[in-house]
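S.K.: Have a look at this one before I ask anything.
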Amino acid sequence: MTLKYIQLKPESSPPNISELEPFRSVVVADEPVTPEWQSQVSEWLVKSGCLYMMAWGNKCSTWDDSVDYANMEAFNYETIPDEKFIMTTWHENEPLKEVFWFCKKDAFHPTVELINTLILHISHFNRERELIAEYKNA
């Protein structure tokens, strides 16, 4: 199992993470973003092989919708194959540690085994050590 942390500053370009495919992701949205950039990042998650996305933080329900739309768009709004369907959740009123616990214990894809996890941190400030430790302790 691989646990990876990526900090993305709003409006920055996401890196190549194809080595994680297929994976689950927790989007930790510490800062507001533009809808256009959010769409770009959601498309990147879809193209990179994310199959389960959990959003927490600033307007987290919009991340849930954005990834859903990006997944539908990737298949021209037609039927999405089971092995490419992305499960999405948002966790608006929960502590982050509970989202991490959910990711570890309940975030399973119905048809694809997910052994890799990405913590995608939307922030100008790097909290890698803190978030990795909180994830491991969940």
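S.K.: Taking the Cβ of R24 as the center, what net charge do the other residues with Cβ under 12 Å away carry, scoring Lys and Arg +1 and Asp and Glu -1?
M.R.: Result for the local shell: 0.
S.K.: Quick one: the Cα spread of the range 62-104 along its three principal axes, in angstroms, biggest first?
M.R.: Cα spread of the range 62-104 along its principal axes, largest to smallest: 36, 21, 9 Å.
S.K.: Give me the net charge of A138's neighbourhood, meaning all other residues with Cβ under 9 Å from the Cβ of A138; Lys, Arg count +1, Asp, Glu -1.
M.R.: Taking every Cβ under 9 Å from that of A138, the sum is +2.
S.K.: Right, something else. On a straight-distance basis, which lysines could pair with K4 in a cross-link, Cα separation under 18 angstrom, same-chain partners fewer than 8 positions away excluded?
M.R.: Of all the lysines, those that pass the test against K4 - Cα under 18 Å, at least 8 places apart if same chain - are K47, K97, K104, K105, K136.
S.K.: If DNA, RNA and ligands are ignored and the probe is 1.4 Å, what is the ranking of H124, H91 by accessible area, most exposed first?
M.R.: Of H124, H91, the descending order of accessible area is H124, H91.
S.K.: Can you give the accessible area per residue of the range 78-119, in Å², using a 1.4 Å probe?
M.R.: Here the residues of the range 78-119 average 62 Å² of exposed surface.
S.K.: Please give the length that would be gained between T79 and K105 if that part of the chain were fully extended, namely 0.36 nm times their separation in residues minus their C-alpha to C-alpha distance (nm, one decimal).
M.R.: Extending this stretch completely gives an extra 6.5 nm.
S.K.: Sort the following peptides by mean Cβ neighbour count (other Cβ atoms within 10 Å, averaged over residues), highest first: 79-87, 115-123.
M.R.: Output ranking for 79-87, 115-123: 115-123, 79-87.
S.K.: Based solely on its DSSP helices, what 222 nm [θ] is calculated for the chain when runs of n ≥ 4 H residues each add -39,500 (n - 2.57) and the sum is averaged over all residues, nearest 500 deg cm²/dmol?
M.R.: -11000 deg cm²/dmol
S.K.: Still on this model: Looking at the calculated P(r) for the range 9-138, what percent of the C-alpha pair distances fall above 24 Å?
M.R.: In whole percent, the long-distance tail amounts to 21.
The values are calculated or read from the model by the stated rules, or taken from the named source; none is laboratory data. Keep in mind it's a predicted model, so treat the numbers as computed, not measured. Glycine also receives a Cβ, built like all others from the backbone with ideal geometry; neighbour counts cover every protein chain displayed. Each accessible area value is taken on the protein alone, full model and side chains, heavy atoms only, with ligands, DNA and RNA left out. Shrake-Rupley method; radii C 1.70, N 1.55, O 1.52, S 1.80 Å.
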